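Reading through the structure tokens given below for one structure.
The values are calculated or read from the model by the stated rules, or taken from the named source; none is laboratory data. Here the structure is a predicted model, which is why all the values come from computation and not from measurement. Using ideal geometry, Cβ is built from the backbone for each residue, glycine included, and neighbour counts are taken over all protein chains shown. Quick note on the areas: whole protein, heavy atoms, side chains included, nothing else; ligands and nucleic acids left out. Shrake-Rupley method; radii C 1.70, N 1.55, O 1.52, S 1.80 Å.
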Amino acid sequence: MADPKVLGIVLAGGAGKRLAPLTEDRAKPAVPFGGLYRLVDFALSNLVNAGILRICVLTQYKSHSLDRHITTTWRMSSLLGNYVTPVPAQQRRGPHWYTGSADAIYQSLNLIYDEQPDIVIVFGADHVYRMDPRQMIAQHVASGAAATVAALPVPRMEATDFGVIQVAPDGQTVEAFLEKPADPPALPGRPDEAYASMGNYVFTSDALVEALRKDAVNDDSRHDMGGDIIPMLVGERSAHVYDFLTNEVPGANERDAGYWRDVGTLDSYFDAHMDLCAIEPVFNLYNSRWPILTSVAPQPPAKFVHNKGDRVGRAIDSLVSNGVIVSGGLVRKSVLCPGARVDSWATVERSVILHNTRISRHAVVRNAILDKNVFVPEGAQVGVDKEHDRERGFVVSDGGVTVVGKGQKVTV
């Protein structure tokens, strides 16, 4: 299998309830991130940059904006037979929607039958990271395993929130796959570390199809890739682990090598944005050798106006997208998406401001996430008084981040 034929499958059907209200009107992979991007762009960019150009994105929950983004942004050359296509739940195997990530692929087996790949690579759609999957595929082919699971070494007692991989003394064969264990097993020779699963898998095509068929007739299964399919293959001693820290991405530096964030909660979503705002960010968006690809709206460049007394338009340690106007206000350690407006004497600190939101004069937004089309009236405050935020119906995360939903009204 010197040059295996690879089909990419991206799992993008999750509801993302822990990201509400950002997922009230959109699928989790369609949530904006980093100013210009959607979460799904990171997985797709990793695949496409690696030359994997036939990709199916399995969708289900509130998928309209996700479908639109994929079909308008991710256009491959049909002349070469390449594609990135959204595949909605179609009830091909009976009158029910996807019951889990494994069932999503099982109900879409026609994609594998049509393409007849040697290798199927399955990625999640809602993580922020860079990865060259060619290296994982090469290890998989060389090992002869049925499945290879990407894993990230983490401090052992921090692994309790993840699926944890227990490996054999050879450091590669998976002995057990444990879901959020209270006492995570340590890595061989590294007692303070454990392997956390990243939710990215490489399968030999025939082995994946056989495992999905077995799982489909098991009434006790949750039909989940990590919870059922991988443990099945582990039991057959045909699953191996791939250490993400060995992955070498072109253009990456030592600081952002191995960066991976599961942005499944409001706090992790917020923290990942703050990572971008550092002077030397731990995740570097400016790597032109492995770009994060997306479509950019035809809006004018960002604009900063006024420079008199305390009415100065400026942004410090921030990411400011196209179409933004900072008019005599202060933006500090924040991310502003296209079309956002910050008016005179307004202050935005440690916040994520999504598309076309306006912060009026003398308003203050601090430690907050504002979804699209929010209007903050003159003199209003968001994120300053958390009890007042809750009284106005805003979500306040466990970490103290105030979240205003799409189009939600802000009062003084």
> Where does the charge balance sit around I119 when Lys and Arg score +1, Asp and Glu -1, over other residues with C-beta under 12 Å from its C-beta?
Replying inline: -1
> Once amide H atoms are built 1.01 Å from N in the peptide plane, which residues 5 or more positions from F33, or in another chain, come under 5 Å H to H?
Replying inline: R38, L39
> If you put +1 on each Lys and Arg Cβ and -1 on each Asp and Glu Cβ, how big is the dipole of segment 284-362 around its Cα centre, in Debye rounded to 20?
Replying inline: 100
>> Residues of segment 281-303 with backbone nitrogen within less than 18 Å of a virtual label 7 Å along the Cα-to-Cβ line of N253, please, listed as ranges.
In response: 281-292
> With charges only on Cβ, +1 for K and R and -1 for D and E, what is the dipole size of segment 281-412 about its Cα centre, in debye, rounded to 20?
Replying inline: 360
>> Using only the Cα atoms of the chain, what semi-axes does the equivalent ellipsoid have when each is the square root of 5 times a gyration tensor eigenvalue? Give whole Å, largest first.
In response: 40, 22, 21
> Applying the Karplus parametrisation 6.51 cos²θ - 1.76 cosθ + 1.60 with θ = phi - 60° to the phi angles of segment 110-115, what ³J(HN,Hα) value in whole Hz is obtained for each residue in order, glycine and proline being reported as x?
Replying inline: 4, 5, 6, 4, 5, 7
> Restricting to segment 1-96, what percent of DSSP beta bridges are antiparallel, rounded to 5?
Replying inline: 15
>> If I model a spin label at Q299 and E210 as a point 7 Å from the Cα along the Cα→Cβ vector, what separation in nanometres do I get?
In response: 5.2
> M157: net charge of surrounding residues, Cβ under 12 Å, Lys/Arg +1, Asp/Glu -1, itself excluded?
Replying inline: -4
> Once the piece of chain linking R18 and K5 is laid out straight, how much longer is it, given 0.36 nm per residue of separation minus the C-alpha distance between them?
Replying inline: 1.0 nm
> How large is the helix-only mean residue ellipticity at 222 nm for the chain, computed as the sum of -39500 (n - 2.57) over DSSP H runs with n ≥ 4, divided by its residue count, in deg cm²/dmol to the nearest 500?
Replying inline: -5500 deg cm²/dmol
> Which Rg and Dmax, in Å, describe the Cα atoms of segment 9-53?
Replying inline: 11.7, 35
>> Please report the spacing between the Cα centers of segment 273-311 and segment 325-373 in Å, no decimals.
In response: 14
> If the cut-off is a Cα-Cα distance under 20 Å, which lysines reach K409, setting aside same-chain residues fewer than 8 apart in sequence?
Replying inline: K372, K386
> Per residue, how many Å² of accessible area does segment 88-230 show with a 1.4 Å probe?
Replying inline: 41
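Order the peptides 290-302, 379-391, 311-323 from the highest to the lowest mean number of other Cβ atoms within 10 Å of their residues.
My ranking of the peptides, most packed first, is 311-323, 379-391, 290-302.
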> Which cross-chain or sequence-distant (5 or more) residues have an amide H under 5 Å from the amide H of Q381, H modelled 1.01 Å from N in plane?
Replying inline: V364
> Quick one: if you stick a label point 7 Å off each Cα along the C-beta vector at Y113 and Q90, how many nm between them?
Replying inline: 1.0
>> What are the ³J(HN,Hα) couplings of segment 43-49, residue after residue, when phi is run through the Karplus curve with 6.51, -1.76, 1.60 and θ = phi - 60°? Round to Hz, x for glycine and proline.
In response: 5, 5, 5, 4, 5, 5, 4
>> Give me the dipole magnitude in Debye, nearest 20, for the chain about the Cα centre, with unit charges on the beta carbon: positive for Lys and Arg, negative for Asp and Glu.
In response: 1920
> ³J(HN,Hα) across segment 157-173 via Karplus (A = 6.51, B = -1.76, C = 1.60, θ = phi - 60°), whole Hz, x for Gly/Pro?
Replying inline: 7, 8, 7, 5, 9, 10, x, 10, 9, 9, 10, 6, x, 6, x, 10, 6
>> How charged is the neighbourhood of K62? Take every other residue with its Cβ under 13 Å from the Cβ of K62, and add Lys/Arg as +1 and Asp/Glu as -1.
In response: +2
>> Just to compare against my own numbers: the Cα pair-distance distribution for segment 296-385, 10 Å bins, whole % per bin, please.
In response: 21, 59, 20, 1
>> If amide hydrogens are placed 1.01 Å from N in the peptide plane, which non-local residues have theirs closer than 5 Å to the one on F162?
In response: K180
> So how far, in whole Å, is the C-alpha centre of segment 20-42 from the one of segment 49-63?
Replying inline: 15
